[in-house]
1. Return a whole-number percent for the relative contact order of region B:4-415, with Cα pairs under 8 Å and 6 or more residues apart as the contact set.
2. For A:12-22, what's the mean count of beta carbons from other chains sitting within 10 Å of each residue's beta carbon?
3. Please give, to one decimal in nm, the separation of the simple spin-label points placed at residue B:771 and residue A:20, each 7 Å out from Cα toward the Cβ.
4. Would you mind calculating the gained length between residue B:752 and residue B:685 on full extension (0.36 nm times residue separation, minus the Cα-Cα distance), in nm to one decimal?
5. With each pseudo-label sitting 7 Å past Cα toward Cβ, what's the residue B:816-residue B:672 distance in nm, one decimal?
6. For chain B, what value does the Rg/Rh ratio take when both radii are computed over Cα atoms and Rh is the Kirkwood radius, given to two decimals?
7. Roughly how far apart, in whole Å, are the Cα centres of region B:438-469 and region B:355-388?
8. For residue B:664 paired with residue B:733, estimate the spin-label separation in nm (one decimal), with each label point 7 Å from Cα along the Cα-to-Cβ line.
């Protein structure tokens, strides 16, 4: 029971990370017409953050066991 | 070539395959070998979120706004992280109360209100039917486009086609038939459709593969990877890497995210797959990351396809919404085009099937049922209503799909259809305040929820739906530009002069302001009543209880026959029998007739019915066959959690006060002990001073005699001085022993540890006391074993003990006839030494005190001969060496002092009482 509460709280933490990375002025840092390896920085950033959130959630949930 | 016949054949084959999967999954479920019991299947079924609007429309939006389409998927990704509590709550509530739709959920939360359920249903139908129309349009249009393969030409406008020749009509009818097969073949009390879920999960895989295939084709076949494609697009001026919109504003970015995050939980189809069809709470864990991963994968190639399409079709009028299909066609990829078509078909059919099933449940339970219940008050219903229920659902499915078709037919290419995705999202987002606030706040009332929903929905109609009609030419354009009746302040998309926002953000702001505002205002006007409080507690506290609550919340008279009859009427005889038999088995009752008609049974019957006709109608029906006594608010509160919380709290208080009492008892005991120790110390001090005074007195007396009278005879003088010397010796011995005892007791004594042979030590002690024995004429007999007996002790201290016991024995032995026996025994891990004398013995009454300080053996001589500290010191030493010492004595026969020490190697092992019995020796 305690483990599942901890997992839920970690997930809320991940939600907050996503909120800060995608919906705060942090976003504007990457919202510019620059490229990285031929790919616009904004695309790399958005999909990178997205992947990060998925991976964090997967680790949090699957590592917590049944 | 792809002929029409071939396309129809492929489409039918695909739908047939879907149905085969659903049929197989249903069969497996009947055999208790469910295929959807896997968390991955659950996560995939949530992919029904991605409709044809995603499959085709995302590319269109990306072509127009760059990454502007992403919030539609980032919102769900973020909110998914909160599903661990949010969705878990919804799932658990729905399982315990057998809630089968979002209308039922909201109605249930605010006291099982039929009115609320009806309003939610109306909003859902009005908001979602155009969205179904969009799916029909996507299917029909992709069909038309692919028919002309390999020519890419724009599909003609559909309005020109007479209804009966319109593929979309047949698509709608075909889908209605399939939806009935998937969702309304038979009546299921819990409204779960395992076959449908399996088919939907399969569709999620198909559309993902199709989209990825087109994306890989566009990126790596038409161009040399992402970098190459982006370079070319930038040169051609198609690349738009900015996240902010053209005005540099993020308003859209935020509002679309909020909207999508709400919609992914409030859309009827999402509620259906995520909550109603959930087969295990554990599945949520997988969905928390796998659903966002699915969204991520299906979005990776949206921008590349949009850019590749713009590059390919530069200068033509090909609609970006069709790129997924037309891009492979333009490059003569027949197979890939067909795959793209099937992908789009799967996205559209998945949405239509689930959405229609969800809506038909709502229409049946929350719109038709209340009407029927009212009619049945006047006209008694027929016996078996289960077939009627099925007919209502099937009818609702057909009507909803035909409504969708009609909207498509009349709206066609109009703005009102093209932009319906977000408009639809905005409509269902109106459920969010009543739903989500109601999950965490007990204060929300029926009036609040009603006011919030109605005002939010009203604002939605005024700021989004009517303007979309105006933009489609169905309303005068002046309505948009100058407001109704020319009142500029009421312009629907610049309400109260609020300008500079896009229409979606504008609607989201105003509708949520009115919705939440009205919800809070009307909720706070009065306290929740009994029904609202009951349901609020059951919803808000659902995670706090392992067992479902709410069973004790009914009081009245009921007949089991009536309840069973009710269930039989709505569920059919067979299904009702099965459910009641299972329940009877749970209650450990032989047959259904023997069930007690108590609160638990009434609760069971009502929940069972709720699965079939919705909670609000179930409540009305059960109330019609039972005589319920109204519970007061206080009683409900008492039964419910708050009372139990108070009980838990008072239990905690009791526990605390018990602990306090125990602690104070311990403190008292400790205090008593301290007082006792203090008293013992005082006694000891007075004993010591008393003992010191006696020899001092005689020393002083004799010294004074000698001092005062110089003429004392020599003989006399010598005797007196002898007494003074011996009393001085006794005095110093006493002082030494007091110091010694204090040292041992306080733990400050130095203890050496060495191997000592006790037999040898006894021999030596006997030699040391030889003179003393000789003086008294006593005989010492040593009975020692032949072999050494080694213990690990401080030799000097042990010697002190043995000498002490020996000299005591000598002291009390009769003059010239004394026999002192020293025995050494070894065995059972201990070494036992006993010293016996044949003196007067110790009276039984004195034996317990013999080892106390300053206790003087009174037997024999009239004047005490020792200091009274020898035995206490001996006991301290023996006990310090992990041994024990005791006395056995029979008056007139003698006394035996015995001590035991653990032998070497067993020094850490305590002497066990059972191993060594007290010596019966006495001699």
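All of the numbers you see were taken from the coordinates with simple rules; none came from a lab. The model shown is predicted, which means the values in this text are computed figures rather than measured ones. Cβ placement follows ideal geometry from the backbone for every residue including glycine, while neighbour counts extend to all protein chains displayed.
1. Answer for region B:4-415 is 39 percent.
2. Shielding by partners across A:12-22 averages 4.
3. Modelled inter-label distance: 9.0 nm.
4. Gain on extension, residue B:752 to residue B:685, equals 21.2 nm.
5. 5.5
6. 1.37
7. Comparing the Cα centres of region B:438-469 and region B:355-388, I get a distance of 26 Å.
8. For the pair residue B:664/residue B:733, the computed spacing is 5.3 nm.
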